[in-house]
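The values are calculated or read from the model by the stated rules, or taken from the named source; none is laboratory data. Since this is a predicted model, take the numbers as computed values, not measurements. Cβ sites come from the backbone with ideal geometry, for glycine too, and all protein chains shown count toward neighbours.
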Amino acid sequence: MNDKNEKLEAKVSLELNSLMKSSNISRKNKIVNIKRLENDTADISNSKNRRRKRKPKVKLLEATSPIKTINSSNVYDFSYNIFPVWNNKQYGQFFRKRSKTFKYIGLKTFLTLKKATYIFETRLESLSKILQNLTLNDSSTTKIAENKSPNKLRKLSESENHAKKVNKSIKVKHQKSSQETQTESPLKKRRYKFKKLKSKPEDSKKKVLEFPSKCTAEEAKIGEENGELLRGFLRVNPKNPDDSYVSNINSSLPDYRITSLADRNGALDGDEVLLKMKPETEKEDGKKAAVVVYILKKLHPCIAVGTLKLKNQGTYAEFVPRDKRIPVMRIPEVSWPVIYKTNPTACANILFLAKLVEWSKPYVAIGVIIDTIGMTGDLRVETQSILKEFCLDVSPFSAEMLEHLPKSKEISVEEVALREDVRKECVFTIDPLTARDLDDAVSVKELPNGHYEIGVHISDASYYLTEGTSLDEFVSSKATTIYLVDQVYHMLPLDLCLHCSLLPGEDKLAFSVFWEMNEEGEIFDSRFTRTVINSCAQLAYEHAQQMIDDPNKVFKDEKLPRILNGFTAKDLSKTVNILQKIAVNLREARMKNGSLRIDQVKLLFSLNPGTGEPEDFIVYENKEAHRLIEEFMLLANISVAKQISETYPDIAFLRCHEPPKNTMLLETQACLETCGIHIDISSSGSINSGIRKYITDDYQGICRGIVLNHIFAKPMTRARYFCSGTMEDFSHYALSVPIYTHFTSPIRRYADIMVHRLLAASLGYSHKPNWDMDFVTKIAANCNAQKLNAKRAGEASSDLYLAHYIENHQPYVQDCVVVEVRERSFDAIVLQTGSVVRIHLNTCQGKPSWILNSIPLPTPMSEKQGFKKVYKLTILYPKTKTYPEETKIIVEMFTIVKVELKRIPNSNKLEASLLRPIPSIIFKSLKN
């Protein structure tokens, strides 16, 4: 080995000597030109770009000794280490090592020995002695970075329009005075000169250090009036804060895209903003690029849950939110929690609640810590963090509020006299098995003309919740009951919930809707009235489903809940089946009218009573019994909406669902057509029938249905409450009805309380509410926000418990169906849980290779519309001892793959690794 090294040293020395002698050396100015040795046309900036894309693999020679050049008057004495790299010019052209000790100086100076490329490396102290001045054929200069940052030795000037490329020839000046070199710090007062080149457009991915200038309030008003500025609500990509959107008023056109954190201009997700369009040349994927110039309403609460870590040698703490849409915040020492001040490193896994107080620069946000939540991974702590993150108020009701609760459970004789008495009718509830808030009950009465009187009876909670009291105001602010996996946080005080709940055997006040209809679901008459009821049974969906499955089944007493008021299981079964026949016909008519149903997976967990950990879960099934109740609740909501809208056209509290973005539907349609799925998107009804056409009972058909439901849910807008006086179009897209509201759940939704008050006034039970449009709009906006937050909290709670369950049941292998193939990954839905996971190449078992092919979209306007690209992925697995044959799988939409799921540490999210499919040859060997 020593002989080999000596030969290599000798050859390299000869190359170096010839290099130095052949260089343009002058005794007068002692300039060494070490330009050389290959025909090199690429400049440094291009090399830097290549280096970002792919890091060269460097291999160190064994025990290579330092090599010295000939010490002459015009050649500086200088030590090199020589490293071989792959024989590829683009890797040899420009190297630098990110180290404080060593620095590559192979600026296009490399040797070719035995068809291998070598680069020079030297210590910084040696390099600095000869690099007193670095001249690049121009007068532009820049300061050398400090010694502690060697990566900035050749730092470009930060001034605008400075050169981004350097000249190919490098001239190194050697100072005559060696004494100066020894006494002065070699890295101080050094200036590099770069060749000035034509400026090029700024890289959109480069971090911008300042926000764009904002409009004044007056400028914003004028700009919006003359059409220069556009109004909208900001939507931030939860996985990429640099990617934001604002909906285009014209649904046939793509949304406006905001392509950087800086262009958000301090706006957060959900804020109402004014936009200014960028030039057409700056379009992104066919979408018009825009910048926020004014924030009309800051609707985001500016709080986040996250962790703390020290930064900048402890001068400040950095708060990293779990929600990537919120910027990383600098926390000043004055706001550090006591536990963090005493031992910062011990707080790495502690969750804190922070508030954003200032965001004056894109990457410099200032925040304060407002609460210490607890350790990550603890289920109770994580649940509290979910409630805080979504700004859900679960504080208890004060004693003063509870003073407004009813003093007695008894209903006065006077009140009963004012109501229709249906206590002797066969009225009962059908709810989930563990339900406590029993809002609704149903009844059926046969009429002499052969028709039926169908009754829906809703708890009259508004009767007990007096408007304008402190209790009413607090309930109004909460707006909804919060359902988490381990706990329910009621909108109303628990005593009032139980008082209003339609429990069997108890007299209860209700608001009832009656329809006269036949078995086909034709409605001949309807009426609304306040009633007093007494439920004869509390059925679960499971009980009602058994009655539907076998109408003639004889139930034993222990198989059903207790039945009261002289009724029997046979009476209940008869009523359920009459309701079922009518409900089926109502649903068919609704679907023919264009109703759309998109099903999402919902999980139900069983928890360990001692530890609270999830022991098992099931997927919630929407069976006929669920759809029976749903159909009559929809009918009640539609009927009440018509009543209050006709009576109070300006202040009716309604609910609408706007059509989806047409561009997103077109994009979805185009993507599906590449897989042979053709769905008409002209209406909600055509989408629904198209989806149902491709869902079959076999495994492939079930998977197809899961994908179709998922991808058509994305373009859909959120339904919302509104004041009738502020809008002209009241229609509900998914239900395909002209008017709709929420009436059937007043125990858990404040919107229903508002509707009950309007309905009572419309029937003469009370005075007209003293409301104006602004008041109703304000209540509607709060109900929308709280409903969304409660929904997201429920989903986050489900994700939390699922992550814990999977962590405790390793290895956890499941089938997934692919929904989208991307450039460097693909997304798939876990069939058993409904979770969407992203699978990357580096997480695939067996280290396969990926071959990506772009599939042309069939729509001619797809490129102009800015549709995303569709890909087909080929995954190749090499031969191994276990797998004697190569394996190839094609991954595209609807492909079924097998993955192993794990919980991401200190997170409630899942990561997935693709498992190699087992070929038939191995199955045969296993059988043998």
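Quick look at the values:
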| read-out | value |
| --- | --- |
| Test: residue in region 257-264 that is of a type outside the set (A, V, I, L, M, F, W, C) and touching a helix residue (DSSP H, G or I) at 6+ places or on another chain (Cβ under 6 Å) | no |
| Which numbered condition residue 848 misses (of (1) without any contact (Cβ under 8 Å) to a residue 40 or more places away in the chain; (2) touching a Lys or Arg at 6+ places or on another chain (Cβ under 9 Å)) | (1) |
| Spans of strands (runs of 3 or more DSSP E) in region 315-378 with at least 2 residues outside the structural domain of residue 907 (by TED's automatic domain parsing), more than 21 Å from residue 797 (Cβ to Cβ) and out of contact with any Leu (no Cβ under 7 Å at 6 or more places or on another chain) | 316-321, 350-361, 364-375 |
| Matching entry among 852, 800, 873 (being in a helix (DSSP H, G or I) and either touching a strand residue (DSSP E or B) at 6+ places or on another chain (Cβ under 7 Å) or at negative phi (or both)) | 800 |
| Unique residue being in contact (Cβ under 8 Å) with a residue 12 or more places away in the chain and surrounded by fewer than 22 Cβ atoms within 10 Å (Cβ to Cβ) when the list is 746, 715 | 715 |
| Residue within region 608-619 that is crowded, with 20+ Cβ neighbours inside 10 Å and in a strand (DSSP E or B) present | yes |
| Region 434-450: number of residues that are surrounded by 11 or more Cβ atoms within 10 Å (Cβ to Cβ), out of contact with any Leu (no Cβ under 8 Å at 6 or more places or on another chain) and in a loop (DSSP other than H, G, I, E, B) | 3 |
| Lone unmet requirement of (1) outside the structural domain of residue 902 (by TED's automatic domain parsing); (2) touching a strand residue (DSSP E or B) at 6+ places or on another chain (Cβ under 6 Å) for residue 770 | (2) |
| Residue 218, sole failed condition from (1) modelled with pLDDT of 90 or more; (2) buried (at least 17 other Cβ atoms within 10 Å of the Cβ); (3) not hydroxyl-bearing (Ser, Thr, Tyr) | (2) |
| Odd one out for residue 691, checked against (1) within 30 Å of residue 639 (Cβ to Cβ); (2) surrounded by fewer than 18 Cβ atoms within 10 Å (Cβ to Cβ) | (2) |
| Residue selected from region 375-409 under the condition surrounded by fewer than 16 Cβ atoms within 10 Å (Cβ to Cβ) and touching a Ser or Thr at 6+ places or on another chain (Cβ under 9 Å), by the criterion nearest to residue 484 (Cα to Cα) | 393 |
| Check on residue 889, in a strand (DSSP E or B) and either without any contact (Cβ under 8 Å) to a residue 12 or more places away in the chain or in contact with a Ser or Thr (Cβ under 7 Å, 6 or more places away or on another chain) (or both) | no |
| Hits in region 462-486 (condition: assigned to a strand (DSSP E or B) and either aliphatic (A, V, I, L, M) or at pLDDT below 95 (or both)) | 482 |
| Residue in region 220-228 that is within 28 Å of residue 356 (Cα to Cα) and not in a loop (DSSP other than H, G, I, E, B) present | yes |
| Among (1) over 20 Å from residue 677 (Cα atoms); (2) aliphatic (A, V, I, L, M); (3) at pLDDT below 85, the one test that residue 841 misses | (3) |
| Odd one out for residue 465, checked against (1) aliphatic (A, V, I, L, M); (2) without any contact (Cβ under 8 Å) to a residue 40 or more places away in the chain; (3) crowded, with 18+ Cβ neighbours inside 10 Å | (2) |
| Matching option when the condition is in contact (Cβ under 8 Å) with a residue 40 or more places away in the chain and either in contact with a strand residue (DSSP E or B) (Cβ under 6 Å, 6 or more places away or on another chain) or not assigned by TED's automatic domain parsing to the domain that holds residue 569 (or both), among 475, 416, 488 | 416 |
| Options 651, 677: the member that is at pLDDT below 95 and of a type in the set (A, V, I, L, M, F, W, C) | 677 |
| Any hit, region 647-666, residues being over 22 Å from residue 713 (Cβ atoms), buried (at least 17 other Cβ atoms within 10 Å of the Cβ) and under 30 Å from the mean Cα position of the chain (by Cα) | yes |
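Each row is one residue, and each column tells you yes or no for (1) assigned to a helix (DSSP H, G or I); (2) among the charged types (D, E, K, R); (3) in contact with an Asp or Glu (Cβ under 8 Å, 6 or more places away or on another chain).
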| site | (1), (2), (3) |
| --- | --- |
| 515 | no, no, yes |
| 529 | no, no, yes |
| 543 | yes, no, no |
| 547 | yes, no, no |
| 552 | no, no, no |
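So that you can scan it fast, the table gives a plain yes or no per residue for (1) part of a strand (DSSP E or B); (2) charged (D, E, K, R); (3) without any contact (Cβ under 8 Å) to a residue 12 or more places away in the chain; (4) in the same structural domain as residue 621 (by TED's automatic domain parsing):
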{"site": "655", "(1), (2), (3), (4)": "yes, yes, no, no"}
{"site": "671", "(1), (2), (3), (4)": "no, no, no, no"}
{"site": "682", "(1), (2), (3), (4)": "no, no, yes, no"}
{"site": "704", "(1), (2), (3), (4)": "no, yes, no, no"}
{"site": "709", "(1), (2), (3), (4)": "no, no, no, no"}
{"site": "721", "(1), (2), (3), (4)": "yes, no, no, no"}
{"site": "730", "(1), (2), (3), (4)": "no, no, no, no"}
